[in-house]
Amino acid sequence: MSRSNQIAAAKRAQEMQIAREQQTAVVDDFHHRLLESAFALQARRNLIDNPVSPGVVVNKLRPVNPIDYVPAKLAKPEGVPHSGEQMLVPVAASAASQMYQDVRKATGAGFTICSGYRSYSLQKRLYDREVAEFGLAQGEAYVARPGHSEHQLGYAMDIMGDQPENNCALGSAYAATPAGKWVRENAYKYGFILRYQENLQHIVGFAAEEWHWRYVGVDRAKWMHDKGIKTLEELFELPYAPDYAD
């Protein structure tokens, strides 16, 4: 083989090797991205589907899974007045306790937890009573079907004023007080968001409830506050849930 042919053959071999390496790199990159997306998908599912996660999303289209879920551990928010035995998962209970202490220091008044964790069976009783009294449409605007309530997670609490005469009558009165306004302005610092706000029923499925606070974690609550994101559905780019699927 002539010198020129040897050079040409060596060049072709080098080009073929480069092509094989490039092809291998493309395949490896594809597999890497596929693996990354699989991990990302699993992480997202663990975040928004797992009832143990503070980021779990429960609404009219996303029931608690499993439907009869019970938190492994519940605790009373230390030092916070409550109507009955109101419990939360420990991390939410601790956050509620700290928020209560701070709102009392700031305003001289605190709040009462009127409702915390609710079992599936308790939610069913509340739902059946509400629908029987007010009809299906109005009942489902305020009370979730059993298995679709954030209260079953142990991450949600309904609060009102801490005066004895309040008697946990849920309404907008507390939100208008100095303590209620302080909670509205500062709850995100403790990991809580006002889950059901005005004019958002077409997204969250429920009428505005100025008393329903949901623990989502401090970092997540602060991010939502800073970015002006009002719902978990918008945060996680989930379908709006104005109605149940059936």
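K189: closer than 17 Å to V103 by Cα, in contact with a Ser or Thr (Cβ under 9 Å, 6 or more places away or on another chain) and modelled with pLDDT of 95 or more, yes or no? It is false that K189 is closer than 17 Å to V103 by Cα, in contact with a Ser or Thr (Cβ under 9 Å, 6 or more places away or on another chain) and modelled with pLDDT of 95 or more. The residue of region 64-78 that is least open to solvent (accessible area, probe 1.4 Å), among those that are among the hydrophobic types (A, V, I, L, M, F, W, C) and in contact (Cβ under 8 Å) with a residue 24 or more places away in the chain, is V64. With respect to S94, determine if the residue is under 18 Å from the mean Cα position of the chain (by Cα) and farther than 25 Å from F206 by Cβ. Considered against the rule, which asks whether it is under 18 Å from the mean Cα position of the chain (by Cα) and farther than 25 Å from F206 by Cβ, S94 comes out as yes. When residues in region 79-88 are screened for being open to solvent by 60 Å² or more (accessible area, probe 1.4 Å) and outside any loop (DSSP other than H, G, I, E, B), 1 of them pass.
Screening V216 with (1) on the phi > 0 side of the Ramachandran plot; (2) open to solvent by less than 20 Å² (accessible area, probe 1.4 Å) gives one miss only, at (1). Scanning region 89-105 for residues that are surrounded by 18 or more Cβ atoms within 10 Å (Cβ to Cβ) and outside any loop (DSSP other than H, G, I, E, B) returns A92, A93, A95, A96, S97, M99, Y100, V103. So, Q152, is that one without any contact (Cβ under 8 Å) to a residue 24 or more places away in the chain, within 27 Å of I67 (Cβ to Cβ) and among the polar types (S, T, N, Q) or not? In short, no. Here the condition is being under 12 Å from the mean Cα position of the chain (by Cα), over 15 Å from Y100 (Cα atoms), without any contact (Cβ under 8 Å) to a residue 60 or more places away in the chain and open to solvent by 90 Å² or more (accessible area, probe 1.4 Å); of K230, K222, it holds for K230 alone. When Y174 is tested against the conditions (1) in contact with a helix residue (DSSP H, G or I) (Cβ under 6 Å, 6 or more places away or on another chain); (2) modelled with pLDDT of 95 or more; (3) over 24 Å from Y240 (Cβ atoms), the lone failure is (2).
The values are calculated or read from the model by the stated rules, or taken from the named source; none is laboratory data. In this text, all values refer to a predicted model and were calculated from it rather than measured experimentally. Cβ: placed from backbone, ideal geometry, glycine included. Neighbour counts: every protein chain shown. Surface areas here come from the heavy atoms of the whole protein model, side chains and all, with no ligands, DNA or RNA. Shrake-Rupley method; radii C 1.70, N 1.55, O 1.52, S 1.80 Å.
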